[in-house]
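Quick notes on the structure that follows.
The values are calculated or read from the model by the stated rules, or taken from the named source; none is laboratory data. Because the structure is a prediction, the values reported are computed rather than measured. Heads up, the Cβs are rebuilt from the backbone with ideal geometry, glycines too, and the neighbour counts pull from every protein chain shown. Note: accessible area is taken over every heavy atom of the protein model, side chains too, but ligands, DNA and RNA are not part of it. Shrake-Rupley method; radii C 1.70, N 1.55, O 1.52, S 1.80 Å.
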Amino acid sequence: MSRQLNMDTVRQNFWKEEYLREKMLRCEWHHKYGSLVKAKQKAKAAARLPLKLPTLPPKAPLSPPPAPKAVPSRASSPTLEAPIQSEMYPVPPATRALLYEGISHDFQGRYHYLSTRKLDVPEKRYLFPITTNFTYGWQLGPPVKQELVFCKMCRIESFFRKNGAFALLDPRDLAL
C-alpha cells in the first residue's frame with residue numbers, strides 16, 4: 001500500500017481522532033471484561049496443572065515396645081525410614097567395585113563400570129519395563145548369529161512384510 005501524498009491537516013486530525021477513539025474503546029473493553037478474561041486464563045492454567053494427590057502420613061507401629069527411661073538419650077526423629085523403592089535391581093558388589101578402580105580418562109572407574117553394566121540384558125537390570133521402548137528389547141534372549149545372505153532378493157523378501165504395512169501382524173513378526 002502506497003503512502004498518500006495529499007495529507008493535509010484535516011486528514012491528519014481525522015486519523016488522530018480515529019486512533020484516540022480506538023484507544024479509548026480498548027481501554028473501556030479492558031475495564032469491562034479484563035477481570036473475566038484473567039479469571040478464565042487462570043482457570044485454564046489450573047486445569048493444565050497435574051493433579052497433586054495428598055501425601056499419606058506413614059503408618060505408626062501398632063504397639064511399640066516400652067523403652068527403659070532410666071538412661072536419658074537423644075530424642076529420636078518421629079519420621080520412619082521408608083524402604084527405598086527403585087525400578088532397578090541392586091548392582092552386584094563386584095560390578096560396583098569397578099567404580100572405585102582408576103579414573104574414566106584411562107577407561108577405568110565409571111567408564112568401565114558403565115560399559116560392564118550395559119552388557120547385562122535389561123531383565124537383569126530393571127524390575128519391569130519402564131518405558132514403552134523397553135518392550136522391544138525385553139526378554140529377547142541371547143543374540144542369534146545368522147549367516148549373511150548374499151542373494152539380494154533373499155534379503156529383500158525376508159526384510160519386508162508380505163501382507164503390507166496395515167495388515168494384521170503375523171505372530172512371527174512380534175518380538176514379545
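Just checking, which of ASP106, ASP120 is out of contact with any Ser or Thr (no Cβ under 7 Å at 6 or more places or on another chain) and open to solvent by 60 Å² or more (accessible area, probe 1.4 Å)?
After applying the criteria, what remains is ASP106.
Hey, can you tell me all the residues within the stretch 129-157 that are surrounded by 10 or more Cβ atoms within 10 Å (Cβ to Cβ) and modelled with pLDDT of 65 or more?
PRO129, ILE130, PHE134, THR135, TYR136, GLY137, TRP138, GLN139, LEU140, CYS154, ARG155, GLU157
Does GLU101 satisfy the criteria of being of a type outside the set (A, V, I, L, M, F, W, C), open to solvent by 90 Å² or more (accessible area, probe 1.4 Å), modelled with pLDDT under 90 and closer than 24 Å to ASP120 by Cβ?
Here the answer is yes, as GLU101 does meet what is asked.
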